[in-house]
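Undergrad: Here it is, the structure, as structure tokens.
Rule-based calculations on the coordinates, nothing more; no lab input. Remember, it's a predicted structure, so these values are computed and weren't measured experimentally. Using ideal geometry, Cβ is built from the backbone for each residue, glycine included, and neighbour counts are taken over all protein chains shown.
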Amino acid sequence: MNMDANTEVWLADLDADLRKKKDRSDTLDELFQLTFLGDTEIRQKASWCVAKMGQNKISDMRILDILAPLTDDEDDTVRENVAWGIGEVAGADIGDERSIDSIIKLLDDDVTDVKGMAAWAAGRLKHKLNLTNKHLEEKLISLSDDPSEFVRKSVLFALE
Amino acid sequence: MEGRKQCLWHAVDGRCACCKAKRIRLDVLKLPDYEMCVAEKDYPTCEFFKEKPIIPKG
């Protein structure tokens, strides 16, 4: 599916509503479809909307259901949104083993922005949900001397 | 990092409109005024900087 005018307008309206902190969890099923039927631009925007709902503290397990399978998406912006959303929705008490598995994968990402956001999300899982494991902690420690300052600082946050 | 002129996310009232950037500024960078962006100080190191596109007039 390519971004047609209707989808573009629908996503733009949803973006605006979410920035105003409106509860638009009624759109999660449509967003789910867009994340696997849509082209790259649609997946970027749809995953941003899902992650933003996490930031708006919508406590809905479908947020994680949608984000977790996008961990392996070919687009780095989508993967960054997955890390961001997993970190955000931890603040709404949503997170489980899938969150940890996704973040461990994203910490291995080739793209610095994705890796840094994943490290921040690891911190959120730990601080908000007390959710971590030995593998994740070891992975974070191994990134303590990452060439990127963003990654290193995010790792410090995660290991606090 | 040099040569950054105008960030797409930088609102006219000085706030940062990038939801992801604000979270990192608060949690990771520990900035107390994390919603605000000061171009001279913040542009050079911001991971979320995005050049504002120049829209042709007319």
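Undergrad: Tell me which cysteines of the protein assembly as shown come out unpaired when the rule is another cysteine's Cβ under 4.7 Å.
TA: Cysteines of the protein assembly as shown left without a disulfide-compatible partner: A:49, B:7, B:18, B:19, B:46.
Undergrad: I'd like the mean, over residues of A:61-70, of how many other protein chain beta carbons sit within 10 Å of each residue's own Cβ. Write down the numbers at each step before the final one.
TA: Numbers: counts 0, 0, 0, 0, 0, 0, 0, 0, 0, 0.
Rounded to a whole number, the mean comes out at 0.
Undergrad: Testing the spin-label approximation: label points 7 Å from Cα along Cα→Cβ at residue A:141 and residue A:159. State their distance in nm.
TA: So the two model labels end up 0.8 nm from each other.
Undergrad: When ranked by the protection proxy of mean other Cβ atoms within 10 Å per residue, highest first, what sequence do the peptides A:124-136, A:83-95 form? Provide the component values of the computation, followed by the final result.
TA: Values: A:124-136: 16.5, A:83-95: 25.4.
Per-residue mean Cβ counts within 10 Å order the peptides as A:83-95, A:124-136.
Undergrad: Cross-link list B:20/B:50; A:105/B:30; A:20/B:22; A:20/A:126; A:45/B:50; A:126/A:153: which exceed 18 angstrom alpha carbon to alpha carbon? Each step should come with its number before you reach the end.
TA: On the way: B:20/B:50 12 Å; A:105/B:30 26 Å; A:20/B:22 16 Å; A:20/A:126 28 Å; A:45/B:50 16 Å; A:126/A:153 16 Å.
Pairs exceeding 18 Å: A:105/B:30; A:20/A:126.
Undergrad: Calculated from DSSP H runs of 4 or more alone, at -39500 (n - 2.57) each and per residue, what is the 222 nm mean residue ellipticity of chain B, nearest 500? Write down the numbers at each step before the final one.
TA: Values: 2 runs with 13 residues, N = 58.
That calculation yields -5500 deg cm²/dmol at 222 nm.
Undergrad: Based on the Cβ-Cβ distance from residue B:38 to residue A:6, what FRET efficiency comes out when R0 is 45 Å, to the nearest 0.05?
TA: Details: r = 40 Å, r/R0 = 0.88.
It comes out at approximately 0.70.
Undergrad: Starting from the Cα coordinates of the protein assembly as shown, work out the convex hull volume and express it per residue in Å³. Walk me through the numbers on the way to the answer.
TA: Details: hull volume 29.0 nm³, N = 218.
Taking the convex hull of the Cα positions in the protein assembly as shown, it is 133 Å³ per residue.
Undergrad: Using a cut-off of under 17 Å, list every residue of the stretch A:28-52 whose amide N is near the label point 7 Å from the Cα of residue A:19 along the Cα-to-beta-carbon line.
TA: A:45-52
Undergrad: Separate question: With only alpha-carbon atoms in the gyration tensor, what are the semi-axes of the equivalent ellipsoid for chain B, in Å, largest first?
TA: 22, 12, 9
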